[in-house]
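Below is one structure, written out as structure tokens, with a few remarks after it.
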Amino acid sequence: MADLIKLENVEKRYVNGAVSTWVLRRISLTVEEGEFVTIMGPSGAGKSTLLAILGLLDAEFDGSYTLDGTAIHGLKPKLRGELAKRTIGFVFQQYHLLDDLTVAENLELPLSYRDMKGDERKGLVADTLDRFQIVGKKDLFPRQLSGGQQQLVGVARAVIAKPKLLLADEPTGNLHSEQGAEIMELFKELNRQGTTIIQITHSKENAAYGNRVVRLKDGWIAD
Amino acid sequence: MSELRQALRRLGRSPGFALLAVAMLGLGVGTNTAVFSLVNTLLLRGLPVPAPGDLLSLFQSNPKRGVERDVTSVPNFRDWRDQSTCFTHVSAVDPGQATLATPEGPEVLAITGVSASFFDLLGVPPVAGRGFRKGEDEEGAPLTAILSHRFWQSRFGGRPMLGSPITLDGRPFTVIGIAKEGLEVPVATDVYVPAIYPADSQRGALFLPVIARLAKGKTLADARTQLAAIMERIPSEKERGWTASAVPLAEDAVSDQRMSLLLLQGAVLLVLLIVAANLAALLLARAARKTRDGAVRAALGASRMDLAAPLLAEGVVLALGGWLFGLLLGRAFLAVLLVASPAALPAWARPVLDGRVLLVSLGAALGTALLASLVAIGQKVRSVPIEALREGSRATPSRGSRRAQAVFVVLELTLSVALLGLAGLTLRTLSNLATQNLGFESRTLLVANLLLPGAEFETPGARRSAVQALTERLSGLPGVTSVSGTTTLPLGGNYNDTVFGLEDRPDAPATEPNVTGVDQVLPGYFETMGMALREGRDLSPRSAPDPRASEVVVNQAFERRYFPGASALGKRVFFGPRADPRRAATIVGVVSDVKRESLRRSERPQLYFSYLDITPRRMTFVLRTALTPGELSSQVRAAIREVAPAAAITSVTPMDSVLGDNLTLPRFLAGLLTFFAVTALVLAALGLFGVLSTVVAQRTNEIGVRLALGAKPGDVFRLVTGQGLGLAAAGLALGVGLSLGLGRLLGGLLYGVSATDPTNLASVAAVLFTVASLACILPARRAASLDPVAALREE
Ligand SMILES: Nc1ncnc2c1ncn2[C@@H]1O[C@H](COP(=O)(O)OP(=O)(O)OP(=O)(O)O)[C@@H](O)[C@H]1O
Ligand SMILES: [Mg+2]
């Protein structure tokens, strides 16, 4: 299978006045299309930082990163944005649904940033609501949903634009185990249908849904 | 379009924010619309005639004698008219008063004597009838008159008047036309009549204002060169030292208002800037609450444009709302302005909200709203999404956005301080003008203006005895302590100058006369006015048997200027046009100076002759009263009608209201600037209140921790107030600097106060800190009364 992600000697530091703190050290990592990778490690190890770099939310790093055949370094912000739009979907620990949009509107949000006609968008939203079995909730606002339901919408929103790569930072961190397991089943199903997934988790059970674990410690990949 | 619809929907969901923003924008746009419509009418559109820029006011000057600008004589006017090639037309515009005979008795009108070409010169023919024809302004022509539209409506109810006879000053005129409505150029007029002057009019008798229209292709410079050349060629000895020139009439017509208007326009632009800053702070606070939303959107693929577009759309919607509200407010402001001080504008200037005003106000609204939106957009697009995502669901605005809000509040405070400073200076100017020593006592003075028209008052003897009989009758009125009279009341809006010579003065020979103010007064005038007789005596109560025996009283300024260090008593003055040595008067007294031409202008040399020697057809009686002067006016009218039914009463009014007319413009300026400064201060106070409220809301947790760790409510109160007053202090420091800079531009508008006046600055500081403290109290109280347990639980 083709490499979807290739990191070579990626380094990240924060400069604060004269002090610079290294957060990621010489990260080299390859992820093939169709993999389901879990990143684990103690708090402060740099997991979220790495995920932000992978998700093209953070372009200030050293080393080289090739995503889906495109080298990130030197890429103009606009093109980088285009690449991210084409390739990546995000799931957050705090769900990050927009409070004043309904479930359906939240789902439509990523589509509104892509060139897609209105009725096409509506169709895709309807399909997705169907597929995730949340049609009945489509006109509710996020605060009217339980945590698990909100994350379900979060995942649906992350995959609605059919990204190749799904990035999830502790997607079950705010859920109790039963709800968490549901989300993990969903991830497994998405992965089976071809979506590459990289998730961060502290839980061994969740890690078991994936096919590979990468351990981070103090910014280094621990073997 | 759908962006705008969505923006409208979003704003509808936070109506409080939307209304506040529209109200602020409306206030800024409204004040700007009102002031700009004045600027547009007076300075941009100009006189209501075709090609107003081609109209010139011609004048003569004598730099050597310090006469910068004077009207001209009839012979000079004829030379300019006949010898120039730069003008299509040259016309006299001789303003004056005349009495109209009516069944109810004589009525005083404002008339303007104009040349036959006047209406062609303006380029605005009468709307009914015709203009004057060539020859109708020459001696012997049948007398014709053209009514102003306003006068035609108010006096004759707009009924057909063409061909009708009217009697002006006892002479029959035929109405031949009605001037166009609103054409009160250059001054308000009831009736236009041909300006007819005798063939042997004197050079040197300077009384005639002249206007002209530039011919195609000619410039102001051409006109000036040519006028100067014409003056050079005049052989008369009397024109030595005199030259002629021209200025645009439009400039001339608004010279009093120009500076004030520009200052007001500047002031309302500052108000608009404050609105922009306030709106920016408001938008920042709103955007700050949505930082996470922006980050989520960015993570879901929103480009910068995607993020900016909703904010821009909201800006446009707010701008349109603010514009519409501003137009309404602007119209209301304008109406109030015109009602409050109608005399502040020339009669021809009737401000309307025309296309240009609408466009400019739309531009102001859009500019302000978009400027503010761009600030919020800049903040939003710059914020790093991952940070906001990592911080979790708690929406903590970045420190940068909080700092930006503080900067805007300081900017607002700075601008309000500057405006307060300017307003303070104009208020002090107004009070200095109003309370200064005028040289006479106005409070218990009643003045009655009369004209003595027609055949009944044809001879000096008839006028003299009428005036004497009137004086006697008025003195007998209960409550009147003394009565006298003058032909030119100080600050009454008109005054005469005369040329004169001094006997035995080589530096002022009779052929190079000096110019001085001149007035004809009745005996007892100085005492009635409350002026002090410094030397000598009053004019004698009898008329002089022959002109060479006449008497004159001079003021102290005259004595200082022409007899420095010596007494003027007993010296002889030659007077009249060209200081005729055959007409002389002996100085019998010296009186204190009074303000004569304007409240600002310092006292000039002045001659007082006896009305009994020279008897013009106009007379202003001054009555010193023991009662409130206004209470007497109807009795005074009745007494005049009884004694001299043929006399025309122009007005009977307390002297204080004459002074009030002199204060119209300064009061207009001070009133408006104060209003704008207060508006600015209220906006800035709202801004300060907003920032402090945000800070308190954002620091609820921190304040809870402080309270839990033992801080007393008083400490928390001081923490918040300290922050607010710190911002106020920064605004004050910057604002004082700005105010000093702007104050210099005021220069000529100030009177008796300098831009650096410490009292003014101290008052500004006091006002600012009072208002700032008020703005601090609520947020500080809220912070101090937080329940630490609840505050800590709050996420
Ligand atoms: N803006 C910043 N400036 C300085 N240091 C930062 C900044 N953001 C993160 N860090 C540091 O980078 C390190 C890695 O943070 P990161 O959020 O990636 O950890 P993590 O592995 O996701 O931890 P957790 O499991 O708690 O989420 C931490 O030590 C953190 O303090
Ligand atoms: Mg993390």
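Each reported figure results from applying straightforward, stated rules to the coordinates on display, with no laboratory input. For clarity, every value in this text was computed on a predicted model and none was experimentally measured. Cβ sites come from the backbone with ideal geometry, for glycine too, and all protein chains shown count toward neighbours.
Structure above, values below:
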| read-out | value |
| --- | --- |
| Helix axis angle, A:177-192 relative to chain A longest principal axis, alpha carbon, degrees | 80 degrees |
| For residues of B:301-309, the mean tally of beta carbons on other chains within 10 Å | 4 |
| Ranking of B:D613, A:D58, B:D661, B:D200 by count of other Cβ atoms within 10 Å, fewest first | B:D200, B:D661, A:D58, B:D613 |
| Protection proxy ranking, peptides A:215-221, B:258-264, average beta carbon neighbours within 10 Å, highest first | B:258-264, A:215-221 |
| Using alpha-carbon coordinates, inclination of helix A:147-159 to the longest axis of chain A, degrees | 70 degrees |
| Evaluated at q = 0.16, 0.20 Å⁻¹: base-10 log I(q)/I(0), Debye formula over Cα of region B:453-646 | -1.04, -1.48 |
| At least 30 Å along the helix axis (C-alpha) and Kyte average at least -0.5, DSSP helices within chain B | B:15-39, B:255-289, B:304-340, B:355-382, B:399-435, B:664-698, B:713-746, B:758-784 |
| For A:K47, B:K216, order by how many other beta-carbon atoms lie within 10 Å, fewest first | B:K216, A:K47 |
| Segment B:E527-B:L663, length gained on full extension (0.36 nm per residue, minus Cα span) | 46.4 nm |
| C-alpha long axis of helix A:118-131 to longest principal axis of chain A, angle in ° | 90 degrees |
| Rg over Rh [alpha-carbon atoms, Kirkwood Rh] for region A:67-181 | 1.00 |
| Global form of chain B, assessed from the alpha-carbon gyration tensor, a/c cut-off 1.5 | prolate |
| For A:V91, net neighbour charge (Lys/Arg +1, Asp/Glu -1) across residues whose Cβ lies under 10 Å away | -1 |
| Chain A: most fluctuating residue of A:V125, A:V19, A:V153 per GNM, C-alpha cutoff 10 Å | A:V19 |
| Gyration tensor (alpha-carbon) shape descriptor, the protein assembly as shown, a/c threshold 1.5 | prolate |
| All aspartates and glutamates inside 18 Å of A:K76 as judged from Cα atoms, apart from same-chain residues fewer than 8 positions distant | A:D58, A:E60, A:D62, A:D68, B:D306 |
| Residues in region B:449-492 that a label on B:A549 would reach, taking backbone N under 16 Å of a point 7 Å out along Cα→Cβ | none |
| Gained length - B:E441 relative to B:T586, 0.36 nm times residue gap less alpha-carbon distance | 49.4 nm |
| Charge tally in the Cβ shell below 11 Å around B:P523, where Lys, Arg are +1 and Asp, Glu are -1, B:P523 excluded | -1 |
| Separation in nanometres of the label points that stand 7 Å from Cα toward Cβ, at A:R26 and A:D115 | 4.5 nm |
| Within the protein assembly as shown, helix-based [θ] at 222 nm, where runs of 4 or more DSSP H residues each add -39,500 (n - 2.57), nearest 500 | -15000 deg cm²/dmol |
| Residue order, fewest to most beta carbons within 10 Å, for A:M184, B:M655, A:M116, B:M305 | B:M305, A:M116, A:M184, B:M655 |
| Entries in A:K188/A:K217; A:K12/A:K162; A:K188/B:K380; A:K6/A:K122; A:K217/B:K380 that, when Cα-Cα distance is taken, lie over 31 Å | A:K188/B:K380; A:K6/A:K122; A:K217/B:K380 |
| Euclidean distance of C-alpha centroids, region B:262-327 and region A:42-99, integer Å | 30 Å |
| R0 of 25 Å, Cβ-Cβ distance B:S255-B:R350: FRET efficiency to nearest 0.05 | 0.85 |
| Cα gyration tensor shape for region A:1-100, rounded if a/c is under 1.5, else prolate or oblate | rounded |
